[in-house]
1. Calculate log10 I(q)/I(0) of the range 227-483 for q = 0.07, 0.11 Å⁻¹, where I(q) comes from the Debye formula with a single equal point scatterer on each Cα and nothing for solvent.
2. Please report the spacing between the Cα centers of the range 415-455 and the range 372-406 in Å, no decimals.
3. Once the dipole of the range 227-483 is set up with Lys and Arg at +1 and Asp and Glu at -1 on Cβ about the Cα centre, which of 384, 443, 327 lies farthest towards its positive end?
4. Work out the charge dipole of the range 178-292 with +1 on the Cβ of Lys and Arg and -1 on the Cβ of Asp and Glu about the Cα centre, then indicate which of 214, 254, 180 is farthest towards its positive end.
5. Do any trypsin sites (Lys or Arg not before Pro) in the range 129-184 lie in a loop, going by DSSP, with at most 12 other beta-carbon atoms within 10 Å of their beta carbon, and if so which?
6. In the neighborhood of residue 267, defined by Cβ-to-Cβ distances under 13 Å, what is the net charge if each Lys or Arg adds +1 and each Asp or Glu adds -1?
7. With +1 on each Lys and Arg Cβ and -1 on each Asp and Glu Cβ, and nothing else charged, work out how big the dipole of the range 86-196 is about its Cα centre, in Debye to the nearest 20.
8. Around residue 454, what is the net charge, scoring Lys/Arg as +1 and Asp/Glu as -1 over all other residues with Cβ under 9 Å from its Cβ?
Amino acid sequence: MNTRDIDDFFAADLPSEPPPEQEAAPVQEPPNSYKKNGVHKIETVIDLTLERGLPVDVNAEKVILGAILLDNEALKEISISIEADDFFLDSHRRICLRMKELYDAGKPIDIVTLANLLNQHKEVETVGGVAYIASLTENLPRRPVIDEYIRIVADKSMARRIMQISSIIIERAADQTETASQTLDILDAELLQLKDRARLLSRRRNPEPFFVGYRTFVTTAPDDIKWTVEGIIQREGSGLVIGDSGASKSLLVFDLAIHLVAGVAWFHHKVPERLKVGLVAREDAPGLSQSRLMRLIEGSSEAVKMFLEGLDLESWLYINTRSQRETWSLQKETDIQEIIEATKERGIHFLFFDVFRALWEGNENDNQETAKVLAAAKRIEREAGCQVCIVHHLSKSDRGTIFDRARGGGINGWKEWGIGITVENPDAEPRDQIRKLHLHTKASVAASPIYYRIDGFEKKVELVEVEPPTQQYTFSKGKKKKESAPIQSNMPYTDD
């Protein structure tokens, strides 16, 4: 089969000279037109003009090549799905080919070795010089996550191939040297190859079968639910800590983090194993976060102190505040890449975001916009292999459960387990105020509420579990009011 050289479908790295201006040709009636009811009808013929440009994402190509320079082993992962010919720019194809030569020869792939090999083939200037090679790693984390970029480059390459096949088939059909059936057979064969590649790419992203049979399903079920905190936080579930401003959400989260690191029961709920924890605390001033952590550790129970003794917290508890980075966003790709890499590198099991609203800009009442940001958090959870908990504020509504009153739209779709905080006796002195934890989990029957008081306000702070207050407070128009009925502390919270 005679086909055009595929290079005709790739743009040169440098723009070509524009064609000379020509006089407009006189308008002629198309030869394949005919009249119906006095109106010209034209048979549909595809015009493969490239005014919109060919499908390409040059930035994705650069990220992939830069990732290889930073981590040579990434080349094996990349080679499963794409080849040098899948790159749009000729310079990128040449760079990829030389990288493979170095890798196959067992040599390191870096700026010096790559530039030297390109120079041997008289290609250094063709690809943009050593400066361009060095620029490939700019703004990339040390081990960038490149699955999505591989998918983009492969998808764009297949789209260009579809356009090429379409053009070839149109030419063959117009040539009329073969029957339409023969042309269709050629089209089917070409498209079959593309479909096979698309399936392989999809399988790479989703290696598990879509369906499994009943016996396979039930025999692979775990014997018991895996818990991070028994009865409260199931393993691998996305979490939500929610409460009014001033309810001391951050203090509670820091206390939970310390117990996870120590592997000590939290409010009489067992922590099966100690975990490495990351705290992204972006709402409060860094000094306040430092003070809270130090005072909580100083005021910890003897059991917590015993398990923390001899443990290098530097390698178990990680914190990010505005003192490390003034700005950080769940809407910026480089920031997302950075935290995924940092979480994987440190082996963090549990990651807190405090607070959700401080991590992005936009309209939190827009469900679609909120969903995109939550998808970024879910991506971090998936690619970094950790649990993620979002700390969030309540709205002024008094309808439904505390979780129904989450500020903004769409946040409840994130919650697989939740902890809600309310102050049960707001009229009392701050040191006497009792807080209630409303608990929600999809893993089992919800646990009974937990009541606690914050003890110590100077050098030591401790969250001490207490009996519920004698008077119950309910929300009314955003404020709390007393009710005469006593609280029934043995009534579990449900979120049906």
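1. Computed log10 I(q)/I(0) values: -0.23, -0.58.
2. If we compute the Cα centre of each part, the gap is 18 Å.
3. Farthest along the dipole direction, towards plus: 443.
4. 254
5. Passing both the DSSP loop test and the Cβ count: 142.
6. 0
7. 500
8. Surrounding charge for residue 454 is +1.
Values quoted throughout were computed directly from the atomic coordinates according to the rules given, and no laboratory measurement underlies them. Owing to the predicted nature of the structure, the values given are computational and were not obtained by experimental measurement. No Cβ is skipped: glycine too gets one built from the backbone with ideal geometry, and neighbour counts run over all protein chains shown.
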